[in-house]
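Encoded as structure tokens, the structure appears first; notes follow it.
The values are calculated or read from the model by the stated rules, or taken from the named source; none is laboratory data. Keep in mind that what you see is a predicted model, and the values were worked out from it rather than measured. Using ideal geometry, Cβ is built from the backbone for each residue, glycine included, and neighbour counts are taken over all protein chains shown.
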Amino acid sequence: MELPSLKRALSRARHAAVGAAIGAALGGLVSRNAASSGAALGGLIGATIGEKRVGVESRVKEVTEKRQSTDSD
């Protein structure tokens with residue numbers, strides 16, 4: 001079983017990498033400097049999304065478990 005902090009870190013890293021790649025690709029259409037800036041911004045946005053996504057998933061899981069335990073009572 002993964003620790004919540006490990007799961008959050010992995011999600012943040014995965015989304016940051018994808019965001020950086022997308023940002024670099026879009027910025028690369030403009031110039032080399034824009035590619036670097038786009039990668040930095042994309043990584044930051046991706047990490048933020050990864051952090052929030054894990055938080056939402058854990059909340060949904062908690063609510064689902066509560067409903068299942070309430071339904072079985």
>> Based on this model, can you work out whether Val30 counts as assigned to a helix (DSSP H, G or I), without any contact (Cβ under 8 Å) to a residue 12 or more places away in the chain and not acidic (Asp, Glu)?
In response: no
> Somewhere in the stretch 34-41, is a residue farther than 19 Å from Ala13 by Cα, aliphatic (A, V, I, L, M) and surrounded by 15 or more Cβ atoms within 10 Å (Cβ to Cβ)?
Replying inline: yes
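Rundown of residues vs (1) touching a Ser or Thr at 6+ places or on another chain (Cβ under 8 Å); (2) modelled with pLDDT of 95 or more; (3) more than 22 Å from Glu57 (Cβ to Cβ), yes/no style:
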| residue | (1), (2), (3) |
| --- | --- |
| Leu3 | no, no, no |
| Leu6 | no, no, no |
| Ala24 | yes, yes, yes |
| Gly28 | no, yes, yes |
| Asn33 | no, no, yes |
> If only one of Ala40, Ala16, Ala20 is within 17 Å of the chain's Cα centre (by Cα), farther than 30 Å from Glu62 by Cβ and touching a residue at least 24 places away in the same chain (Cβ under 8 Å), which one is it?
Replying inline: Ala20
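A quick yes/no check of all residues on (1) assigned to a helix (DSSP H, G or I); (2) surrounded by 11 or more Cβ atoms within 10 Å (Cβ to Cβ); (3) of a type in the set (Gly, Ala, Ser):
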{"site": "Ser11", "(1), (2), (3)": "yes, yes, yes"}
{"site": "Ala21", "(1), (2), (3)": "yes, yes, yes"}
{"site": "Leu26", "(1), (2), (3)": "yes, yes, no"}
{"site": "Gly50", "(1), (2), (3)": "yes, yes, yes"}
{"site": "Val54", "(1), (2), (3)": "yes, yes, no"}
{"site": "Lys61", "(1), (2), (3)": "yes, no, no"}
{"site": "Thr64", "(1), (2), (3)": "yes, no, no"}
